[in-house]
Amino acid sequence: KYTWSPATGLDNPLSSSPTASPVSSTNYQVIGSDSKGCFKDTSYVPVKVYPIPEADAGPDQNINVGRQVKIVPKISQDVTSVEWTPSIGIVSRDYPSITVNPTQSLEYTLRVKNDGGCTAEDKVSVYVLCDNANIFVPNTFSPNGDGVNDIFYPRGNGVFKILNLQIFSRWGEVVFDKSNFNPNDATSGWDGTFKGKPLPPDVFVYILKVVCDNNSTLVFKGNIALMR
């Protein structure tokens, strides 16, 4: 005969091998005796219950393409293992945080575990944006041969390619037209000439089409002042 106590959390407190499912750590006592009641013996079985760990991946993040952001989660003190998936865009790890630089919007999953093998997870989204913060277009240039600001060309961070750059005179004539080149490339810019001849100082209109690393396409329009 077997008598287990406390009976809380046991499927059968009179079984020789009950299944225990306590909600908190419990030290179970078992008293065993023979069917005639000639003897009794007592023993104890401690059952340790681990809590479900806490995991909060933090708020969703917005970043411009080409930039990076650090994701700092909140986890409970019992956590012994942290896993982030997918690994795409993760540039560094500083337990339990990660720094990411994805080229497209992505959802990261945080999975944590404690010594008892209990797990929890949470998700955080990183939305990758491409806007005028990624593009810099000068509004003046001076092609006078002094080696300073002689070429008009678009700069950018996180910009995959310049689809097209057109520059128009005040009368609407196209004085420069170039497609499919990289940003930050002065050799692909405009030197202030038209048909091989330097143009006089004036204000011109440009239309710039770019495609970002997240495959979004942007169109920029503005004025550029040519100075001598």
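The values are calculated or read from the model by the stated rules, or taken from the named source; none is laboratory data. Just so you know, these numbers come straight off a predicted model, no measurement behind them. Reconstructed Cβ throughout: ideal geometry from the backbone, glycine too, with neighbour counts over all protein chains shown. Please note that ligands, DNA and RNA were not included when accessible areas were found on the heavy atoms of the full protein model with its side chains. Shrake-Rupley method; radii C 1.70, N 1.55, O 1.52, S 1.80 Å.
Annotations
- Cα gyration tensor category, rounded, prolate or oblate, for segment 52-109 with a/c compared to 1.5: prolate
- Estimated inter-spin distance, THR187 and ASN215, nm [label 7 Å along Cα→Cβ]: 3.0 nm
- The chain shape via C-alpha gyration tensor axes, a/c threshold 1.5: prolate
- Accessible surface of segment 138-228, 1.4 Å probe, proportion on carbon and sulfur as whole %: 51 percent
- Around the Cα centre of the chain, unit charges on the Cβ atoms of Lys, Arg, Asp and Glu (plus for the first two, minus for the last two) sum to a dipole of about 240 debye.
- In this calculation the C-beta distance from VAL49 to LYS70 is compared with R0 = 35 Å, giving a FRET efficiency of 0.50.
- Distance between the 7 Å Cα→Cβ label points at ASN27 and ALA225: 8.5 nm.
- Dipole orientation for segment 87-228: of the candidates ASN182, GLN104, ALA133, ASN182 has the Cα lying most toward the positive pole (charges on Cβ; Lys, Arg +1; Asp, Glu -1).
- By the Cβ distance rule (another cysteine Cβ under 4.7 Å), the unpaired cysteines of the chain are CYS38, CYS118.
- Whether segment 100-227 is rounded, prolate or oblate, judged on the alpha carbon gyration tensor where a/c under 1.5 counts as rounded: prolate
- With protein chains left intact and a 1.4 Å probe, residues in segment 63-116 average 55 Å² of accessible area per residue.
- Largest GNM mean-square fluctuation among SER16, SER97, SER179, using the chain with Cα springs under 10 Å: SER16.
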